[in-house]
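Colleague: Supplied in structure tokens, the structure appears directly below.
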Amino acid sequence: EDQVTQSPEALRLQEGESSSLNCSYTVSGLRGLFWYRQDPGKGPEFLFTLYSAGEEKEKERLKATLTKKESFLHITAPKPEDSATYLCAVQGHGGATNKLIFGTGTLLAVQP
Amino acid sequence: DAGVIQSPRHEVTEMGQEVTLRCKPISGHNSLFWYRQTMMRGLELLIYFNNNVPIDDSGMPEDRFSAKMPNASFSTLKIQPSEPRDSAVYFCASSLDRVDTDTQYFGPGTRLTVL
């Protein structure tokens, strides 16, 4: 069964204090790994898609990396506006190929 | 682009009543997804459509839930009768299902409270 585990559940950082969020996954053939950001009261907002081990993508202070078993979302010099819940999801080749399996997210709080 | 549109944004109803949630996907997208989000279980896929046809409804919790997509620009999720345990935020998402991209874009959600 496809599964996604995110850690930590919650993370509190000081502004400028870099850190990483982890997403461990098991899937029957990875088609894609997705990172989303979700603000309170809003729908998830797409950040990145990674398709193969070794791939990296960057957007402003965020950088996502992928291995065969996990993905990291690195946050460099975060600002208070980076506070949100970050969700990881995987899409496998088995079954309904468009299906995303989500982790429960990491709640990030960046204090000024 | 207006993005995925959902209505209503909030719904409060009493146990036993019928609830209908509505979704308009992004124009040109050919896949549509209904998700439910709760604190306990996170974000769960209920059903998804491709070219207006239901492909996977294995996440629909029970017969009280039904979904339709009569055309490419409209879908409904209906709960009849509703129960307090159905209280959650329901999201609709859409994607353009191509070989090189199938990113799902989410709507703002409908917060459902069943009393």
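The values are calculated or read from the model by the stated rules, or taken from the named source; none is laboratory data. Everything numeric in this text was worked out from a predicted model, so none of it was measured. Here the Cβ is made from the backbone with ideal geometry for all residues, glycine too, and neighbour counts use every protein chain on show. Quick note on the areas: whole protein, heavy atoms, side chains included, nothing else; ligands and nucleic acids left out. Shrake-Rupley method; radii C 1.70, N 1.55, O 1.52, S 1.80 Å.
Colleague: From the set of residues in segment A:61-112 that are within 12 Å of chain B (Cβ to nearest Cβ) and on the phi > 0 side of the Ramachandran plot, which is modelled with the highest pLDDT?
Modeller: Selected residue: A:Gly105.
Colleague: Are there any pairs, at least 6 apart or on different chains, whose C-beta atoms fall under 7 Å, with the first in segment A:31-44 and at pLDDT below 95 and the second open to solvent by 40 Å² or more (accessible area, probe 1.4 Å) and not basic (Lys, Arg), and if so, which?
Modeller: A:Arg31/A:His93; A:Arg31/A:Thr97; A:Gly32/A:Tyr51
Colleague: Report the residue count in segment A:1-16 for those that are farther than 21 Å from B:Met39 by Cβ and surrounded by 14 or more Cβ atoms within 10 Å (Cβ to Cβ).
Modeller: 2
Colleague: Look through B:Met15, B:Met40 and report the one residue that is open to solvent by 30 Å² or more (accessible area, probe 1.4 Å), within 14 Å of chain A (Cβ to nearest Cβ) and assigned to a loop (DSSP other than H, G, I, E, B).
Modeller: Values: B:Met15 fails: within 14 Å of chain A (Cβ to nearest Cβ).
Just one listed residue meets the conditions, B:Met40.
Colleague: Further, regarding this structure: Under the condition of being outside any loop (DSSP other than H, G, I, E, B) and at the interface with chain B (Cβ under 8 Å from one of its Cβ atoms), which residue from segment A:38-52 is least open to solvent (accessible area, probe 1.4 Å)?
Modeller: In this case the residue turns out to be A:Thr49.
Colleague: Also: Take segment A:54-103 and flag every residue that is out of contact with any Lys or Arg (no Cβ under 8 Å at 6 or more places or on another chain) and of a type in the set (S, T, N, Q).
Modeller: Correct list: A:Thr65, A:Thr67, A:Ser71, A:Ser83, A:Asn98.
To keep it simple, each residue is scored yes or no on (1) crowded, with 22+ Cβ neighbours inside 10 Å; (2) more than 20 Å from A:Gly43 (Cα to Cα); (3) within 14 Å of chain A (Cβ to nearest Cβ).
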| site | (1), (2), (3) |
| --- | --- |
| B:Glu62 | no, yes, no |
| B:Lys68 | no, yes, no |
| B:Ser73 | no, no, no |
| B:Thr76 | no, no, no |
| B:Pro81 | no, yes, no |
| B:Ala88 | no, no, yes |
| B:Ala93 | yes, no, yes |
| B:Arg98 | no, yes, yes |
| B:Phe106 | yes, no, yes |
